[in-house]
1. Could you list all residues from region 288-304 that are crowded, with 17+ Cβ neighbours inside 10 Å and either touching a Lys or Arg at 6+ places or on another chain (Cβ under 8 Å) or part of a helix (DSSP H, G or I) (or both)?
2. List, please: which pairs have Cβ atoms under 6 Å, are six or more places apart or on different chains, and start with a residue in region 180-198 that is over 18 Å from Val247 (Cα atoms) and in the same structural domain as Phe221 (by TED's automatic domain parsing) and end with one that is polar (S, T, N, Q) and assigned to a loop (DSSP other than H, G, I, E, B)?
3. Which of the following residues is closer than 18 Å to Ala79 by Cα and in a helix (DSSP H, G or I): Ala307, Ala285?
4. I'd like the full set of residues that are assigned to a helix (DSSP H, G or I), surrounded by 22 or more Cβ atoms within 10 Å (Cβ to Cβ) and touching a helix residue (DSSP H, G or I) at 6+ places or on another chain (Cβ under 8 Å), limited to region 69-94.
5. Would you be able to say whether some residue in region 105-112 is among the β-branched types (Val, Ile, Thr), closer than 30 Å to Asn260 by Cβ, in the same structural domain as Asp320 (by TED's automatic domain parsing) and part of a helix (DSSP H, G or I)?
6. Could you run through region 157-181 and say how many residues are within 22 Å of the chain's Cα centre (by Cα) and surrounded by fewer than 19 Cβ atoms within 10 Å (Cβ to Cβ)?
Amino acid sequence: MPTLLAIETSCDETAAAVLQGFGDVLAHEIFSQAEIHSEFGGVVPEVASRNHLVSAPTIINLVLEKAGVQIGDLDAVAATTGPGLAAALLVGAATAKGLCIGAGKPFLAINHIEGHLLSPFFGYEKIPSHTAMVVSGGHTLLLDVEGFGSYRLLGRTLDDAAGEAFDKVAKLLGLGYPGGIEIDRLSRSGNPARFDFPRGMIDSGDLDFSFSGLKTAVRIFLEKHGAPTAADLPDICASFQAAVTDVLLSKLFKAARQNNRRRLSLSGGVSANSSLRSRAIHRAADEGLEIHFPPPGLLTDNALMIAFAAAHHLAAGHLDPIETEITPNFNPDALLRSA
């Protein structure tokens with residue numbers, strides 16, 4: 001089975017993985033910069049790229065050592081080339097290309113969204129047809145998936161991504177970064193029905209999303225009522241989280257019905273949210289649908305999902321020119337590739 005090295009530096013995680021075949025994990029490591037960026041209340045691109053430059057060689061050498069392989073043993077090297085922060089993407093892509101040139105190995109340029117999209121089926125040699133939601137700090141997307149390489153965009157956020165809304169509201173509430181984790185934690189002891197925050201575009205008739213109005217509603221609420229008390233904070237968090245979750249699940253299950261899919265997937269960092277997962281699982285069971293999530297460790301940005309996507313591209317005969325450029329902005333057409 002082919003052995004791949006994958007590098008992921010699209011945002012503030014420096015990650016590398018060595019994968020054999022579609023599911024034999026030889027090694028994977030992630031260096032998170034969350035603590036560094038918490039000082040700024042969000043990711044600073046220049047800081048992220050500088051830390052990738054420092055961390056990438058160490059992480060790559062570590063996974064190769066743990067996997068017991070050398071560069072010459074690899075069948076290809078893959079890297080995330082977009083979407084993401086331009087300065088961060090450049091570090092991982094340039095590092096991968098340098099390894100390919102030095103060792104004479106093929107290069108695979110992997111779309112970050114495709115990594116998340118396929119991650120719920122990690123280990124599968126054949127990707128089944130399903131309705132997919134990718135929900136993270138930078139993206140909220142609905143796609144119809146016929147199989148590997150056959151994706152159709154059904155809906156996307158028109159402004160803030162769901163994860164971005166979590167982080168911005170957490171900042172308004174004086175919580176730490178990343179904010180989604182703190183809101184989820186506090187929500188567990190809160191009353192989600194206490195405050196009626198808006199469900200943006202829930203009845204829009206299409207499959208697009210909007211979360212900026214919800215963020216604004218929380219800001220106006222805080223301006224009117226002042227800083228929340230310790231007693232009110234869990235209820236505010238739970239009510240906000242319920243508003244986001246209601247919209248996400250409404251659109252996901254609507255998309256599945258419209259496309260006659262009996263299988264669903266939820267991926268991306270926000271898919272780790274305990275309320276979203278629990279409610280999705282229960283609703284899928286109630287409607288007789290099958291739902292898939294990424295395995296533990298593959299929810300947030302990681303290199304294993306990039307390696308898994310690369311394994312499918314390699315099996316399909318896809319290789320990329322070493323001159324392939326990064327693509328920081330999300331382009332739906334970039335998910336569609338030919339052999």
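The values are calculated or read from the model by the stated rules, or taken from the named source; none is laboratory data. Small disclaimer: the values here were computed from a predicted structure and weren't measured. Cβ atoms come from the backbone with ideal geometry, glycine included; neighbour counts cover every protein chain shown.
1. The first filter runs over region 288-304 and keeps only residues crowded, with 17+ Cβ neighbours inside 10 Å, leaving 289, 291-294, 298-304.
Across region 288-304, the qualifying residues are Leu289, Ile291, His292, Phe293, Ala303, Leu304.
2. Listed pairs, sorted by first residue: none to list.
3. Numbers: Ala285 fails: closer than 18 Å to Ala79 by Cα.
Result: Ala307 is the single residue among Ala307, Ala285 that is closer than 18 Å to Ala79 by Cα and in a helix (DSSP H, G or I).
4. Ala88, Val91, Gly92
5. In the first step, residues of region 105-112 are kept if they are among the β-branched types (Val, Ile, Thr); the result is 110.
Imposing the further condition that a residue be closer than 30 Å to Asn260 by Cβ reduces the set to 110.
Add one more test, that the residue is in the same structural domain as Asp320 (by TED's automatic domain parsing), and what stays is 110.
Then drop every residue that is not part of a helix (DSSP H, G or I), which leaves none.
No; the residues of region 105-112 include none that is among the β-branched types (Val, Ile, Thr), closer than 30 Å to Asn260 by Cβ, in the same structural domain as Asp320 (by TED's automatic domain parsing) and part of a helix (DSSP H, G or I).
6. 5
Yes/no matrix, rows are residues, columns are (1) touching a residue at least 12 places away in the same chain (Cβ under 8 Å); (2) among the charged types (D, E, K, R); (3) surrounded by fewer than 23 Cβ atoms within 10 Å (Cβ to Cβ); (4) in contact with a helix residue (DSSP H, G or I) (Cβ under 6 Å, 6 or more places away or on another chain):
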position	(1), (2), (3), (4)
Gly98	no, no, yes, no
Ala103	yes, no, yes, yes
Pro106	yes, no, yes, no
Tyr124	yes, no, yes, no
Leu142	yes, no, no, yes
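Conditions (1) in the same structural domain as Arg185 (by TED's automatic domain parsing); (2) of a type in the set (A, V, I, L, M); (3) over 26 Å from Glu29 (Cβ atoms), marked per residue:
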{"residue": "Thr245", "(1), (2), (3)": "yes, no, yes"}
{"residue": "Ser250", "(1), (2), (3)": "yes, no, yes"}
{"residue": "Phe253", "(1), (2), (3)": "yes, no, yes"}
{"residue": "Gln258", "(1), (2), (3)": "yes, no, yes"}
{"residue": "Arg262", "(1), (2), (3)": "yes, no, yes"}
{"residue": "Ser267", "(1), (2), (3)": "yes, no, no"}
{"residue": "Arg277", "(1), (2), (3)": "yes, no, no"}
{"residue": "Ala280", "(1), (2), (3)": "yes, yes, yes"}
{"residue": "Glu287", "(1), (2), (3)": "yes, no, yes"}
